[in-house]
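The values are calculated or read from the model by the stated rules, or taken from the named source; none is laboratory data. All values derive from a computational prediction rather than experimental measurement. As a convention, Cβ positions derive from the backbone with ideal geometry for all residues, glycine included, and neighbour counts pool all protein chains shown.
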Amino acid sequence: MAPETPRNDHTLLLLVVALFLFHSPFSTWWTSLNLPWYLIFVAWGILILLIALNRRRSDRNRGH
C-alpha cells in the first residue's frame, strides 16, 4: 500500500485568504473605512497564527 501524502488544503486556503485580504480591491475598500490603525497588524497576526497552527498540525500528522 502506498503511503498517504499530506494534504495541503488548509495551506492553499490560507494563501487564498491572504491574497484576498491583502492584495485585492477588497483591501483598498477596507482601508478606506477609517478603521483603527492597528487593524492591519491584527489581521496579519491572525494570519501568522493560522499558519503556525496549520504547520503544527501538519508536523503532528507526520509524526515529527
Regarding ASN34, is this residue within 12 Å of the chain's Cα centre (by Cα), modelled with pLDDT of 80 or more and not hydrophobic (A, V, I, L, M, F, W, C)?
no
Does any residue in the stretch 33-46 that is within 22 Å of LEU14 (Cβ to Cβ) come within less than 7 Å, Cβ to Cβ, of a residue that is at pLDDT below 90 and part of a helix (DSSP H, G or I) six or more places away or on a different chain, and which pairs are these?
ALA43/LEU21
Going by what's in this entry, would LEU21 be described as within 18 Å of the chain's Cα centre (by Cα), assigned to a helix (DSSP H, G or I) and exposed (fewer than 11 other Cβ atoms within 10 Å of the Cβ)?
no
